[in-house]
Structure formats: structure tokens, C-alpha cells
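The values are calculated or read from the model by the stated rules, or taken from the named source; none is laboratory data. This structure is a prediction, so every number in the text was calculated from the model and none was measured. Counting neighbours? That spans all protein chains shown, and the Cβs are built from the backbone with ideal geometry, glycine included. For the accessible areas, the whole protein counts, side chains as well, though only heavy atoms, and no ligand, DNA or RNA atoms are used. Shrake-Rupley method; radii C 1.70, N 1.55, O 1.52, S 1.80 Å.
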Amino acid sequence: MIHASNDNPVLDNPRLAGLTSWDADWRGLRVVVAGIGVSGFAAADTLIELGARVVVLDGNDTARNRQRADTLRIVGALDVNLGQDAMTFVPDVAGDRPDVIVTSPGFPPTHPLLVAAREEGIQIWGDVELAWRVREREGRKTAEWVCITGTNGKTTTVGMTASILQAAGLKAIAVGNVGTPILDALRDPVEYDVLAVELSSFQLHWTHSMAPLASVVLNLAQDHVDWHEGYENYVADKSRVYENTRVACVFNVEQEGSVGLVEEADVQEGCRAIGFTTGTPDLSMVGVVDDLLVDRAFVADRKNTAAELGTVADTGALPTRHVVANALAAAALARAAGVAPEAVREGLLAFQPGDHRIQLVAESDGVRWVNDSKATNPHAAQAALSAFDSVIWIAGGLSKGVSYDQLIERNASRLHTVILIGTDNQSLLDALERHAPDVAVVATSGPDALDPAADPTDGHAAMHAAVQQARKLANPKDTVLMAPAAASMDQFQDYADRGDAFVNGVREELGL
């Protein structure tokens, strides 16, 4: 079943319809905030500041959450309930039923609390919906939003976009799923000109009224199909980023069906479809010509001329096709915001990519060691695998219900050896057997492992063993690539912990 946009009543409550600015009358609004993590805490704190009556729920009764709960009680939360029992029913707020639930992104639509709220007719917002509704504030500049989503490349692209905007002299910041809540930026003393907003499919599912200046879906592949109950639902939620866009809907020319998402979106009059491609751009596109990044979309005579935006080499130390595509998408968003061509190159050169994203860790004895722990699904791993010719691939983890067949089929000829970490690798093993039966596979845990007695839950030990084995097997011109194509929580705290384990293991093994 596709989660249609009407599965959540948007304007049924007249009390909520008028809440479209910071200065609206939020006093007395009864709100349940589900989740007390980064986004949930910011939502609760903001609502309390606005004068709403707030009850906060979270299923995890941890020391950190108890500390956050104490802070929210001090600033005025009516109650904060922690523990699994807190998430089993919709509580009253100030003796009456809530007007709205503001949910953190991690809770799926099938969560019993949210199902109960919908059945009762209670409107559900995400933190992004709340942020959009309070973005306008008397006496302060209202920042424009350029919004980025996609299966992979979001964080790199949002960082590149913010860097380009800053190079143009604009006050800009990367916010949203990248780490800094949008609400925190809106309450910052700095009055931003533009917010570069990274949005997950989870956040977009609960967003209704956002109308960005420009928006992009970078790419689409199977991911989070468990949360969305199917790939169609996932695509439907991703495509919501285009709704109400005012200036430019940016789409990936090389992604089948991407222009259709723009064509189906209900955009504002005058909004243009702008393509990005790593090939030669057509009219109303940005792309690559002779290693130059060029713009045929935001120039006056785009039929006969193009503006030079930079070079492929400007996109980073390892300018893979995926990274170049991200840079072009960022350039299109920034150009939609009025940035001059020269600022694109300056911004790309100034951009410092985060760790764990096709990160060159070391080169030793002709072997390149690359950390791409952020590759938590096959589509992300494809971007890294396709960039190298001979790969010792460290992979595995929680598969999230996705298929590995296409990934292995496309890259079988590149694989020197596969070294498995993780505890949920049967689907990966099956795909290797079907499409790369001659490629050697080494496991770090389980009965066929190098050490059958190894603890399968000890990710750091597994990574250490994987790095040691990779060094033994690697030949000059090989790339040891840690791009797991799976989530990390079976063996690590998160993808960053997994990436750090690889980086530390490489440095220790090579004596760096």
C-alpha cells in the first residue's frame, strides 16, 4: 500500500491552520512530542518557548535521555515520560486530547502511537513541518530553503551547497538530517540568508506545507524499505521534496524516471525543471564538457552558450562520478539561489568532505585504502566500487531487506576478494554465489571464519581481522575499500564508529 499524502489530516484542525509563523498564537496548543533525541529535543524546546503545552515521550530510558528530560522540565514541559510503556498510547495534555503530535523521524507510520493518533484524527507533524511553520518571525530575515534528498550523497551535497552559498557571500548553513536541527538554526542569533536543508525520507513523510526555493532528489535506490513498507512508498516520500517548489526542481538526468517525479509534482507557477548529468548537458542542464563543470540552465543564452563553473578536479581528492554528480546538483541549487558561476568553484575548493565518505585513508606499497563506511546500502556502495578497478572489498552488516544482486553483477569483474564483517550476510553471500562465484570470500566470524571462535558481535575485532587479511592479500594497484553496503548497528554504535574502526585499524597495520 502506498502511503498517500492524505493519510495524515493536514488542515482538519482550524487551530493548526493559522499556525504559519513564529508570531502566530501558539499559546496553549496541546502537543505531544514523540522522541527526545536531537530533533525531538529541539522541537519540544521550541514549542515550549512559543507557549505551547508540551508532553514528551521516548521509549528509551537512558541516562542521556533522563538528562534531556530534566532540562525540558526545567524550561516548562508539562511532563516527560520515558520507557517502552510511554510509547503505547496517546496521552492527554493538560487534561485534554492533544491538538498535534510532533514525531521524530525514526518512528515509522506503523508505530502504534502514530497509528492510534491517526485513528483518532490527531494531526501528525515532523520537526521539518514545525520548522517551516515558524520560519517567519517579525523583525528577522526569513531564510530561503534549498532542500536536498536522495538515497545517497545527501550530506556531501548539502555541505557543498552551503560552501558554495558561503563563497558567494551569503550567510548559509547546512541543517536538517546532516546533524544541526533546522529549528536550532531558526533560533540562532545569526540571521541566515539561505538554509541548505538535508531531508531524509522519514522527515519528508511528515512534511506537508514546505515550499522551498529549490529542491533535488539526487538518486533513488532500495533503502529503508522496512520503514516505508515497500519501495514505492519510499519513492513517494522522497518525491515530496518537489511539492510547492518555487524556482527550480533539480533532477538526476541519469536516473530513470527522475524527471517524472518533477512532472508529477504540484510546483508553483514559474518553477523550472533543471537536470544535472555527468555527461554533456542539454538545454536547462548542468553537466561536464572536457573535464569542465558547465551550466546551460542559468545563463541568458543557454541555447548557444554555457557558463564554466569549475573543473572535475575541483570536486575533491577522489573525484568519482558520484562525487561529481553531487557537485553538479549543489551547483544547480546554488545557481537557482542567484549565485554567480565563480562562487561555485570557490565553494567546491573550500568544501571539506566529512569522514567516512569515499575517504582516502592511506596509500602504501601501491595499495590505496579507502573508507566509505557511510555506504549503508548497495546503491551507496555502487558509487565507490565503480570508481576503482581492482578491489579488496570489506562489506557486510545489517541488510535492511535489500537485494545485492545488481550490485554484485555490475562489479564482479572488479572484485579481487570480499572480506565479510557483520552478522547478517546471507543475502550478500547468495548474490556473490550467483554473480561472482569465482571471487574469494573471507569471513571474520562464523563457522567458516579465519577464527571460528571470534565473537560475531565484536565489530572492532572483526574490522581488525579484516584489515590484517586485506594487507596480506593486497597487490600493488589494488584498492582496499571498506564500503559495507549495509547498516552497522549489529557490530558498531553507528557508521562513524565502524569507519573509525577501519581507519584506526589501517593506521595501526601500516604503522602510520
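List of remarks:
- Region 250-331 holds strands (runs of 3 or more DSSP E) entirely within its bounds, and those carrying 3 or more residues that are under 19 Å from A350 (Cβ atoms) and touching a Lys or Arg at 6+ places or on another chain (Cβ under 9 Å) map to 307-311.
- Exactly one residue out of V289, V299, V294 is touching a Pro at 6+ places or on another chain (Cβ under 7 Å), of a type in the set (V, I, T) and without any contact (Cβ under 8 Å) to a residue 24 or more places away in the chain: that is V294.
This table checks each residue for (1) at positive phi; (2) open to solvent by 10 Å² or more (accessible area, probe 1.4 Å); (3) of a type in the set (V, I, T).
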residue	(1), (2), (3)
A167	no, yes, no
K171	no, yes, no
L183	no, no, no
P189	no, yes, no
L195	no, no, no
L204	no, no, no
N233	no, no, no
V247	no, yes, yes
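- The single residue among V102, V93 that is modelled with pLDDT of 95 or more and buried (at least 23 other Cβ atoms within 10 Å of the Cβ) turns out to be V102.
- Taken over region 387-419, the criterion of being in a strand (DSSP E or B), open to solvent by less than 10 Å² (accessible area, probe 1.4 Å) and without any contact (Cβ under 8 Å) to a residue 40 or more places away in the chain is satisfied by V418 alone.
- Residues in region 441-452 that are surrounded by fewer than 13 Cβ atoms within 10 Å (Cβ to Cβ) and either in a strand (DSSP E or B) or in contact with a strand residue (DSSP E or B) (Cβ under 6 Å, 6 or more places away or on another chain) (or both): 0 in all.
- Neighbours by Cβ (under 8 Å, 6+ apart or cross-chain): first from region 247-261, among the charged types (D, E, K, R); second modelled with pLDDT of 95 or more: E254/T277; E254/T278; E254/G279; E254/A325
- Considering each residue of region 430-437 in turn, none proves to be touching a Gly at 6+ places or on another chain (Cβ under 8 Å) and open to solvent by less than 70 Å² (accessible area, probe 1.4 Å).
- Across region 49-77, the number of residues qualifying as touching a helix residue (DSSP H, G or I) at 6+ places or on another chain (Cβ under 7 Å) and among the basic types (K, R) comes to 1.
- The single residue among D372, D355 that is open to solvent by 30 Å² or more (accessible area, probe 1.4 Å) and touching a residue at least 12 places away in the same chain (Cβ under 8 Å) turns out to be D355.
- A69 being of a type in the set (A, V, I, L, M, F, W, C), open to solvent by less than 10 Å² (accessible area, probe 1.4 Å), without any contact (Cβ under 8 Å) to a residue 40 or more places away in the chain and assigned to a helix (DSSP H, G or I): yes
Results for (1) β-branched (V, I, T); (2) assigned to a helix (DSSP H, G or I), shown as yes or no for each residue.
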residue: E119; (1), (2): no, yes
residue: I124; (1), (2): yes, no
residue: L130; (1), (2): no, yes
residue: R135; (1), (2): no, no
residue: K141; (1), (2): no, no
residue: I164; (1), (2): yes, yes
residue: I173; (1), (2): yes, no
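- Whichever residue in region 34-58 is at pLDDT below 95 and closer than 18 Å to L113 by Cβ and, among such residues, is surrounded by the most Cβ atoms within 10 Å (Cβ to Cβ): S39
This table checks each residue for (1) hydrophobic (A, V, I, L, M, F, W, C); (2) farther than 21 Å from K154 by Cβ.
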{"position": "V262", "(1), (2)": "yes, no"}
{"position": "I274", "(1), (2)": "yes, no"}
{"position": "T280", "(1), (2)": "no, yes"}
{"position": "L293", "(1), (2)": "yes, no"}
{"position": "T315", "(1), (2)": "no, no"}
{"position": "V339", "(1), (2)": "yes, no"}
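- Residues of region 35-58 classified as closer than 15 Å to Q203 by Cα and of a type in the set (S, T, N, Q), total: 1
- Verdict on A462 being in contact with a His (Cβ under 8 Å, 6 or more places away or on another chain) and either under 21 Å from A362 (Cα atoms) or open to solvent by 60 Å² or more (accessible area, probe 1.4 Å) (or both): no
- Residues that are crowded, with 16+ Cβ neighbours inside 10 Å and not aliphatic (A, V, I, L, M) were ranked within region 23-33; the one that is nearest to R135 (Cα to Cα) is W26.
- Evaluating W369 against the criteria (1) in a helix (DSSP H, G or I); (2) of a type outside the set (D, E, K, R); (3) modelled with pLDDT of 95 or more leaves one unmet condition, (1).
- Filtered residues of region 171-214 (kept if touching a residue at least 40 places away in the same chain (Cβ under 8 Å), charged (D, E, K, R) and closer than 24 Å to G354 by Cα): D184, D193, E198
Yes or no, residue by residue, for (1) among the charged types (D, E, K, R); (2) part of a helix (DSSP H, G or I):
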| residue | (1), (2) |
| --- | --- |
| D430 | yes, yes |
| D438 | yes, no |
| D455 | yes, no |
| H464 | no, yes |
| Q468 | no, yes |
| M489 | no, no |
| D497 | yes, yes |
| N504 | no, yes |
| E509 | yes, yes |
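- Among (1) part of a loop (DSSP other than H, G, I, E, B); (2) surrounded by fewer than 22 Cβ atoms within 10 Å (Cβ to Cβ), the one test that T151 misses: (2)
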